[in-house]
Amino acid sequence: MKKFVMAALGGTLASVVATTQFVGPLLAQEADRPASVYEQLDLFGDIFERIRAQYVSEVDEADLIEAAINGMLTSLDPHSSYLPPQDAEDMRVQTRGEFGGLGIEVTQEEGFVKVVSPIDGTPADAAGMESGDFITHVDGESVLGLKLDEAVDLMRGPVGSEIVITVVREGEEEPFDVSIIRDTIKLTAVRSRLEGQTVVLRVTTFNDQTFPNLADGLAKQVEEAGGMENVNGFVLDLRNNPGGLLTQAIRVSDAFLDAGEIVSTRGRNPADGERFNATPGDLAEGKPLVVLINGGSASASEIVAGALQDHRRGIVVGTKSFGKGSVQTVMPLRGEGAMRLTTARYYTPSGRSIQALGVSPDLVVDQPRRSPTDEDEDETPNRFSRSEADLRGSLDNDSLTEDEIRHIEEDRAKVEAAAKLREEDYQLAYAIDILRGLSVLGEKK
């Protein structure tokens with residue numbers, strides 16, 4: 001155990017050297033000779049002992065060591081960290097699809113806590129949190145300067161308790177408070193529904209249930225439509241999906257591909273690189289596919305979007321994705337804790353890395369923000385809108401049968417439903433319009 005602790009703590013030298021004006025007497029090595037790893041470990045031991053003996057108040061030794069380990073890992077990149085036993089258990093539970101919290105995925109950017117995405121159907125989503133929001137305070141306490149894990153700890157609490165988060169949002173002049181009631185988060189990995197002749201598959205996360213949920217939801221909606229011949233295409237909605245398990249991203253990509261590479265990973269050692277390929281079988285049977293992404297689509301979501309885009313299997317619509325192109329391996333440690341360590345970068349089938357760049361959509365479509373005044377205007381009918389049929393004494397259309405008139409009215413109802421969806425979710429309506437247009441072109445061939 002002693003060897004393990006000493007090896008793990010060697011990486012904290014950077015923070016120690018940054019404060020040499022305070023611990024200068026501890027540095028015994030010559031200025032022109034680089035310190036060896038063993039000298040650095042001795043230095044850490046000296047500092048550790050002085051803190052225990054001379055710090056203004058008594059400290060917990062275990063907390064000191066845990067903080068040093070976490071400091072070493074978080075200095076590498078925003079996604080590497082130490083998971084104490086409880087956090088490690090929470091993470092294992094989360095991958096199974098149920099956990100306690102707010103339902104929000106966060107990262108750290110230049111010292112600020114940034115929202116990657118709220119998860120559908122969670123308290124954070126219901127409270128109106130958005131991808132790209134910056135969290136500045138939690139219950140009035142500033143999170144600026146805190147490590148990400150420390151900020152997350154402030155947001156944890158008993159189910160049913162209230163938390164007030166102060167948010168800075170682009171486009172808003174002043175910070176504002178958001179009140180959220182903590183709850184048990186039960187993730188539904190995939191929600192499916194039928195919009196006209198289009199099957200919409202909303203993937204909210206990549207956990208153990210994602211692919212089974214997707215396959216079942218797809219089959220159910222196709223059956224509801226009356227068979228694949230009555231389906232004009234599929235929308236794979238990955239917006240605000242913060243990612244998850246690499247294995248599930250591969251299986252979801254494979255669901256729509258018959259062959260070819262899905263993703264490759266490259267680590268520090270070239271021999272450790274891996275390639276993952278699709279297997280025969282397309283659940284959508286070659287039907288057109290539109291993939292929706294936005295700035296909250298990260299990690300596993302980007303693997304799926306990148307694979308389908310590179311293979312020209314789907315049209316990617318929306319806005320640029322988050323840009324997390326690294327793979328983390330969770331390694332169990334003694335004492336029930338775990339270490340989350342970035343071990344590789346992933347690459348799309350064309351060999352491109354999306355790290356810090358994101359996946360660029362084929363068609364850039366922004367989601368318009370609606371103001372309260374827009375909603376009020378929508379509720380006010382246009383009393384000056386009239387047609388020929390409204391005119392007193394207008395002629396009837398006697399050239400159509402009752403069945404033909406009924407079909408026209410049904411088609412008009414579909415168009416009106418599409419217009420309503422465009423007001424509720426412009427990006428989704430745009431994707432469905434693409435599939436409807438492709439279907440019309442296909443019928444003319």
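The values are calculated or read from the model by the stated rules, or taken from the named source; none is laboratory data. On a predicted model such as this, the values are computed, not experimentally measured, just so you know. Cβ coordinates were reconstructed from backbone atoms using ideal geometry, including for glycine residues, and neighbour counts include every protein chain displayed. Keep in mind that these areas ignore ligands, DNA and RNA; they rest on the heavy atoms of the full protein, side chains included. Shrake-Rupley method; radii C 1.70, N 1.55, O 1.52, S 1.80 Å.
Of note:
- Take the Cβ atoms of ARG50 and SER161, set R0 to 41 Å, and the FRET efficiency comes out at 0.55.
- Relative contact order [Cα under 8 Å, 6+ residues apart], the stretch 87-244, whole percent: 22 percent
- Under Karplus coefficients 6.51, -1.76 and 1.60, residue-wise ³J(HN,Hα) of the stretch 82-88 in Hz, glycine/proline x: 9, 10, x, x, 5, 5, 5
- For GLU274, the solvent-accessible surface with a 1.4 Å probe is about 100 Å², rounded to the nearest 10.
- Computed over protein heavy atoms with a 1.4 angstrom probe, the accessible surface ordering of ASP237, ASP258, ASP433, largest first, is ASP258, ASP433, ASP237.
- Cα-based shape type of the stretch 214-284, given that a ≥ b ≥ c are square roots of the gyration tensor eigenvalues and the cut on a/c is 1.5: prolate
- Net charge in the neighbourhood of GLY286 (other residues with Cβ under 13 Å of its Cβ; Lys, Arg +1, Asp, Glu -1) is -1.
- Shape of the stretch 162-274, Cα gyration tensor, a/c cut at 1.5: oblate
- Within the stretch 31-83, the chymotrypsin sites (Phe, Trp or Tyr not before Pro) that combine a DSSP coil assignment with at most 13 other C-beta atoms in a 10 angstrom radius are TYR55.
- When only Cα pairs below 8 angstrom with a gap of at least 6 residues are kept, the stretch 181-233 shows a relative contact order of 36 percent.
- Distant-in-sequence amide H partners of GLY260 (H built 1.01 Å from N, under 5 Å): ALA278
- Net length gained if the chain between VAL37 and ASP258 were fully extended (0.36 nm per residue, minus Cα distance): 74.5 nm
- Net dipole in debye of the stretch 263-325 [+1 Lys, Arg Cβ; -1 Asp, Glu Cβ; about Cα centre; nearest 20]: 180 debye
- Sum of side-chain charges, ASP120 neighbourhood, beta-carbon under 11 Å (Lys, Arg +1; Asp, Glu -1): +1
- Between the stretch 233-256 and the stretch 354-369, the alpha-carbon center distance in angstrom: 16 Å
- Accessible surface ranking that places the most exposed of LYS287, LYS324, LYS220 first, with a 1.4 angstrom probe: LYS220, LYS287, LYS324
- Separation of the stretch 272-300 from the stretch 47-89 is 39 Å, based on Cα centroids.
- Positive dipole terminus of the stretch 227-300, leading residue within THR279, GLY296, ASN230 (C-beta point charges): GLY296
- Most to least accessible of VAL59, VAL252 (protein chains only, probe 1.4 Å): VAL59, VAL252
- Rel. contact order, % - alpha carbon contacts under 8 angstrom, at least six apart, the stretch 277-319: 50 percent
- Spin-label zone in the stretch 319-335 - amide nitrogen under 16 Å from a point set 7 Å from the Cα of ASN269 along the C-beta vector: 329
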